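The values are calculated or read from the model by the stated rules, or taken from the named source; none is laboratory data. These numbers come from a predicted model, not from an experiment. Cβ placement follows ideal geometry from the backbone for every residue including glycine, while neighbour counts extend to all protein chains displayed. Side chains included, ligands, DNA and RNA excluded: accessible areas come from the protein's heavy atoms. Shrake-Rupley method; radii C 1.70, N 1.55, O 1.52, S 1.80 Å.
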Amino acid sequence: AFAGYTACSFEYLQASAGLRLEQADDAQDFEATLAAMRTVGFSLAEVTNVLRVLAAVLHIGNVQFQVPARNSEASEVAGVKGPEASHDLAAGLLGVTQAELQGVFCMRTMQAPGEGVIRMANNIHQAAESRDALARHIYHALFGHVVERTNRSIGFKEDALFCGVLDIFGFEFFKTNSFEQLCINFTNELLQQYFNTFIFENETQLYRDEGISWASLEFPDNGEIVALLQQSPGGVFPMLDEECFVVGGTSSSWHAKLVRAHERHPNFSFVRHLQNTFVIQHFAGPVTYTAEGFLTKNKDRLTGDHIRCLAGSSWPFLSELFGEPAFAGGASPSNVQRERGGSTPSRYTSFGQNSPGSPASLGMRNFESPNGTRVTRAQRNTISNEFRNQLQDLMNQIGTTQPHFVRCIKPNPQSRPFIDASKPDPVPLLNRRSVVEQLRYQGVLEAIRVARAGYPVRLCHGDFIAEFHCILEDPQLRKRLSAIQDEAIAVSEFLSAPQVEKLLPPREASNGIQLWAIGRTRVFMKQQPFTVLRAAQARVKQTSAVRIQANWRLRSAKCKAAARFRGLITLQAHFRGSLARRRAVWSRRDRAATGIEAAMRTFLVCSRFHRARTAMLVIQRWSRMHPRRRRFVQMRLHAVRIQAWWRGWLRRIRMRRLPQLVLHIQRHWRGAAGRRLAWDHRLASIRLRRAVRQLVRTRARNLDHRRWRQKMLDMYRGPKSPKAPEREKEQSLKDYISLEDENRRRETEVLQLRSELQRLQWKVERTKS
């Protein structure tokens, strides 16, 4: 399914196909993904099924549509036909026929009041929306299956305690903001509202538990922004859903309704010279949205035809995926979208429990009309509605947990740790403006402001006494404080000590606000008295540190002096020992020199003796060698003469026999050459006679053919007999043409034989010469 394709070959991937990451390896990432799937328990068949569904989704995105020749309001699949076409590949991968898949894209089932079920054609735009809805929901079903399979593999239980991590994007603000940015920013608004409420409630609960009186302050609240976006019926999302089901509704009409409904809202505005744009004042700041394309992105074009087509697939994996109740449990409620007096099912809910044609399977809901009759009404569903329902489920689940917030701050837009990492001591790269904006957008500054408005410093009683008891100079007071069992009373005694009262300002400020308070388990302080205590603690610690440093330096100096004295004694001992060892070395050297002189003299005498002896032996050898060498030279001369005579005799015998041998060789060679030449003459004459006979026979046949041809021509050109049948004339003509062909063939053979004859004659002449 992917052979011969690249990322640029698929429409759904072309937006990001041109991006290249420097340190990314697609093959390695794909291997890691497969390894992760095998780790959580996916078999080879399941991995193949997942990849097949992904291939089908990508090929569905490549399907294009065109207007038929006889119906301008309809549509049909465009492009080449055959096994390599995207439509045929997608149908094969999904396990459905090409006609069924084309019918799902280009047709829709309508439930007309009083007329039953009818089939209507989709135009090109509707067919494209139907195609994208099918691809989106197939991918959604696959994603749900992978999550469910992974949870089942790791033994996840719905009613068990869990520790979850929610990782979301921050507020998005691009040059052009559309439906996706509004959904993301709405999510951040809800989470920010929950964060503000959680922080405020924790702050209030802490003061209440500690028994501290605290005046409630104004807390940042984005409830108006959340109501502007989701409150029914005048919110931005409800109005967008309503416009999707209005006949002829467009993004421009929805924008106009928004402006008329919210032009006086403090968090909503619009720019007159920018058409189809509106501004929402979010918690993080104003964001300008472009209304163009909102309706198209919000509509959900999944119909019952899609579900029935996929549920009837011949591929068991896909038919089970869209046919089992488990899929329905993860989907939103079934809805039917009203279109042009009819209704089209938008989301399938209970795939395995209702028949394909029943109202429940098409997303219908029964209710009592005023006259007591049962009426089936279509439910409406859109992408924003489903998104808000899922977001509400998420908020409900978060509300049942004990949250902890981790705010991630990006230090710089370049994503680099240092300004210049090549330097030995690099400086961190910190963009202060970007960091402050992130802190403001995430509500951290507001949370800090609220904390500072109350008592920002909170210390447990024991930690407070352990931290600041060093300020007290009276040792008796320290002992009395350490003897008190109740830590709250100990803190009160500490703060009422005369030395501490001199340092701290009055407990109640001029505006009536208390600067500190003692709770049941903690001490609460404003920043001013805490700073004073910190400064006093720093002074005491500095004085103690100076005293400790003086004592340490005195002890270090004494230790250094004692070490220098011990070192001097050791140095003298080492010097004296070195001098004694040096004298012993010189004494040993004198004794060694005397021994070396004696050995040298002995060596020289022995050398002279050995040289004299060697010279005498050489003289004796020369005197004995001279007579024997002269006798050896004479014997060698006699041997050379004998060898010369013997070799001459052998050479003369060989020269006498050489002419006879040469004549014998020449005789044998000339006989062989004569026999070979006679055989060549005989063979050439045989070939010449055979060629002459063949040429004579061919010439005779040619003369006979010419006489017969002349006879036939005379017969054909003679007077026409009235009784001669036309059939005989045609037969004669055919015979004449065949004979002409045979004549040409034989003439070609004659030419070949003549050339063969000439070649043989030339060869015979060359042999004779």
Please report, as a whole percent, how much of the solvent-accessible surface of the range 481-611 comes from carbon and sulfur atoms (probe radius 1.4 Å). 60
Nitroxide proxy distance, nm - points 7 Å out along Cα→Cβ at residue 499 and residue 47: 7.2
Between the range 132-201 and the range 255-315, how many Å separate their Cα centres? 19
Cα gyration tensor of the range 105-180 - equivalent ellipsoid semi-axes, whole Å, descending: 37, 24, 12
Kirkwood hydrodynamic radius for the range 151-246: how many Å is it when counted over pairs of different Cα atoms? 17.2
Note on the range 422-465: alpha-carbon gyration tensor, axes a ≥ b ≥ c; rule is a/c under 1.5 for rounded, else prolate if a/b larger than b/c, else oblate; result oblate
Given charges of +1 on the Cβ of Lys and Arg and -1 on the Cβ of Asp and Glu, with all other atoms neutral, how large is the dipole of the chain about its Cα centre, in debye to the nearest 20? 13780
In what sequence, highest mean first, do 123-135, 748-760, 412-424 appear when ranked by Cβ atoms within 10 angstrom? 123-135, 748-760, 412-424
Measure off, as a whole percent, the carbon and sulfur share of the 1.4 Å-probe accessible area of the range 117-230, all protein chains present. 59
Length-normalised contact order for the chain - Cα pairs under 8 Å, 6+ apart - percent: 7
Over all distinct alpha-carbon pairs, what is the Kirkwood Rh of the chain in angstrom? 41.7
Given 4 °C, 1.567 mPa s and a Kirkwood radius over Cα pairs, the Stokes-Einstein diffusion coefficient of the range 527-634 in µm²/s is 54
When the charge dipole of the chain is computed with +1 on Lys and Arg Cβ and -1 on Asp and Glu Cβ about the Cα centre, the Cα farthest towards its positive end, among 187, 549, 661, belongs to 661
Computed label-point distance, nm, for sites residue 429 and residue 664 using a 7 Å Cα→Cβ extension: 10.4
Counting only other residues whose beta carbon sits under 11 Å from that of residue 239, what net charge do I get with K and R as +1, D and E as -1? -1
As an exercise, find the ratio Rg/Rh for the range 586-714 from alpha-carbon atoms, using the Kirkwood inverse-distance average for Rh. 1.86
Sum -39500 (n - 2.57) across every DSSP H segment of at least 4 residues in the chain, then divide by the residue count to get the 222 nm mean residue ellipticity, nearest 500. -21500 deg cm²/dmol
Mind checking the full-extension length gain between residue 26 and residue 99? Use 0.36 nm per residue of separation minus the Cα-Cα distance, one decimal, nm. 22.7 nm
Measure off 7 Å from each Cα along the Cα-to-Cβ vector at residue 715 and residue 7, then give the distance between these two points in nanometres to one decimal. 8.8
Binned Cα-Cα distance frequencies in the range 572-614 - 5 Å width, integer %: 5, 19, 14, 11, 12, 9, 8, 7, 6, 4, 3, 2, 1
So with the 1.4 Å probe, I'd like the accessible area per residue for the chain, rounded to whole Å². 67
How high is the FRET efficiency from residue 578 to residue 557, r the C-beta distance, R0 22 Å, rounded to 0.05? 0.10
Net charge of Cβ neighbours under 12 Å - reference residue 637; Lys, Arg +1; Asp, Glu -1: +4
Taking all protein chains in place and a 1.4 Å probe, what share, in percent, of the accessible surface of the range 633-755 do carbon and sulfur account for? 59
Out of 529, 98, 451 - ranked by how far each Cα lies towards the positive end of the dipole of the chain, with unit charges on the beta-carbon of charged residues - the top one is 98
Relative counts (whole %) of C-alpha pair distances in the range 432-490, using bins that are 5 Å wide: 4, 15, 16, 13, 10, 9, 9, 9, 7, 6, 2
